[in-house]
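Here is the structure we will look at, set down as C-alpha cells.
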Amino acid sequence: MTISAELLAAYVDGELSELDTARVRKAIAEDPALAEQAAQMEALRKLLSARFDPVLSQPLPERLTAPLADAAKVVDLGAVREERRRWFERPALRYAAVPALAACLVAVLVIGRSPDKAMPGYAGEQLAAALDTTLSGQTAPDGTRLLISFRTADGAACRAYSAQSGGGIACHDDNGWKLRMAGSASGPQGTEYQQAGSGDAAIMAAAQDLASGPALDQAAEQSAIGQGWKPAPR
Amino acid sequence: MHSDAFLAGITELLPRLRRFASGLARNPVDADDLCQAAVERALLSRQQWQEGTRLDSWMYRIMRNLWIDEARSRTRRDKTFAEEEAGAQVGAIGAQEAATELSMVDRALANLPDDQREAVLLVLVEGYKYAEAADIIGCPIGTLTSRLLRGREALMAKLGEAA
C-alpha cells in the first residue's frame with residue numbers, strides 16, 4: 001500500500017479511523033523510510049511543544065487579567081440585581097404584597113412632595129417618583145425600570161435606572177434627585193422583565209465607578225425608601 | 001474566582017491564548033498586545049457568544065482574526081525587521097544549545113506564510129483536531145490539511161538536523 005505524506009501526517013496527528021490507523025501502522029512496520037518520516041513528524045511536534053509550552057506556566061501579565069477582573073466587578077453588581085429580581089418574581093410577592101406595598105409608599109411620598117419643584121439637572125416629577133418608591137428590579141408606572149441602588153463615597157444614595165427615553169444615574173440630595181449620568185435608551189420595552197440592554201451595561205459600568213461599597217440589598221432599599229433616601233451617616 | 005462562567009472561562013484560557021499568541025506574533029510584547037486585544041474584543045462582543053458553544057474556539061477565532069487583520073496591514077519592511085528581532089529574544093530559555101535550537105524554531109516559523117503558520121500552531125502546538133482547527137480558521141478541512149502539510153514539510157526541511 002502506498003502511503004501519501006498527507007495520510008502519514010493524519011496518522012501521526014491521530015486523525016485516522018481505526019482501520020486506516022492499522023493499515024498505516026502495518027506499512028510503517030514494513031518500510032523503514034516511512035518509519036523515519038513518521039519519526040520526523042513526531043520530532044517536529046516535540047520541538048514545537050518545547051518552544052511554546054513553557055508559555056503556559058509563565059505568570060500572566062496584569063494587563064491580561066485586569067480587564068477580566070474589572071468586568072467581573074460590573075457583572076457582580078448585575079448579579080445582585082438579578083438575584084433581587086428573582087426574589088420579587090416569587091408569585092406571592094409579585095401579585096400581592098409588592099403592588100400593595102408600592103401603592104402605600106407612593107401614597108405617602110406623593111402627598112409629602114410639593115409639586116413642580118424640579119430644578120435643572122434634577123429628575124422631573126415622574127422620574128423622581130419612580131426613583132423614590134420603586135425597588136430595583138421593578139418597573140415604575142411610568143415605565144422606568146430601576147436597576148440598582150448604591151451609595152457614593154460621601155454617603156449619598158444613588159440609583160441607576162433604565163427608561164425608554166434614556167436611562168441614567170441619579171443621586172439624592174437636599175434638592176431632590178440630581179442626575180449624574182444620562183445614558184442612551186435601553187431598547188424596546190417589550191416585557192416587564194426584559195434583559196438588560198447595551199445601554200444598561202454602560203450605566204451599570206458607570207454605577208460601578210461611582211459606587212463605594214456593595215449595591216444596596218432589598219432590605220436596605222426598603223429602609224432607604226422609608227427614610228426618603230437620606231445620606232448615610234458619616 | 002469569577003462567579004461569571006464566561007469570564008471564568010476566558011481567565012482559564014489565558015495561558016493557552018498566550019501560547020497561541022506567542023506563536024503568531026513575532027515577539028513577546030506583540031504577543032501580549034495581541035492577547036490583550038483579543039480579551040478586550042471578547043468582552044465587547046460578549047453578546048455574540050452563545051452559551052453551550054465552545055468558548056475556546058470562539059476566543060481562538062477572535063485572536064486569529066485580529067492577527068490576520070494586523071498581519072494584512074503590516075508592511076514588508078516591518079516584517080523583515082521583526083524577523084530579525086524574533087531570533088534575538090529567546091535567550092532566556094536556558095542552555096546555550098537549547099536556545100540556539102529554539103531560536104531556529106522561531107525563525108523557521110517566521111518564514112512560513114501566515115496561513116501555514118496558523119495551521120501548524122493550531123494542530124501541532126494547540127492540539128486541535130483538523131475539524132476544530134478548520135472551524136477556528138473558517139476554511140474547509142481539505143484546505144487546512146494541505147496548509148498543514150506544506151507548513152510541516154517546510155519546517156522539517158529547515159529544522160532537519162534539529163528535528
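Just so it is clear, none of the values below were taken in a lab; they were calculated from the coordinates. All figures in this text were calculated on a predicted structure; none of them were measured in a lab. Heads up, the Cβs are rebuilt from the backbone with ideal geometry, glycines too, and the neighbour counts pull from every protein chain shown.
With r defined as the distance between the Cβ atoms of A:R63 and A:D154 and R0 fixed at 25 Å, what FRET efficiency is calculated, to the nearest 0.05? Intermediate results must be reported in sequence, preceding the final value.
Values: r = 32 Å, r/R0 = 1.27.
Efficiency computed from Cβ-Cβ geometry: 0.20.
Send over the semi-axes of segment B:1-81's equivalent ellipsoid, whole angstrom and largest first, taken as the square roots of 5 times the C-alpha gyration tensor eigenvalues. Present the calculation step by step, with values, prior to reporting the outcome.
On the way: eigenvalues 134, 34, 17 Å².
So the equivalent ellipsoid measures 26, 13, 9 Å along its semi-axes.
Within the set of other residues whose C-beta is less than 15 Å from the C-beta of A:A10, count the net charge using Lys and Arg as +1 and Asp and Glu as -1. Before the final figure, lay out each step's value.
Details: positive: A:R23, A:R25, A:R45, B:K129, B:R147, B:R150, B:R152; negative: A:E6, A:D13, A:E15, A:E18, A:D20, A:E42, B:E132, B:E153.
Computed value for this residue: -1.
At 7 Å along Cα-to-Cβ for each site, give me the label-to-label distance between B:E153 and A:S212 in nm.
6.9
Ranked by Cβ crowding within 10 angstrom, fewest neighbours first, how are A:D209, B:D135 ordered?
Details: A:D209 10, B:D135 18.
So the ranking, lowest neighbour count to highest, is A:D209, B:D135.
How much length is gained on full extension from A:A219 to A:D142, taking 0.36 nm per residue of separation minus their Cα-Cα distance?
Working: separation 77, 0.36 × 77 = 27.72 nm, distance 2.38 nm.
That pair, A:A219 and A:D142, stretches by 25.3 nm at full extension.
Please compute one quarter of the surface area of the Cα convex hull for segment B:1-43 and express it in square nanometres.
Numbers: hull surface 11.6 nm².
Spelled out: convex hull of the Cα atoms, projected over all directions, averaged, 2.9 nm².
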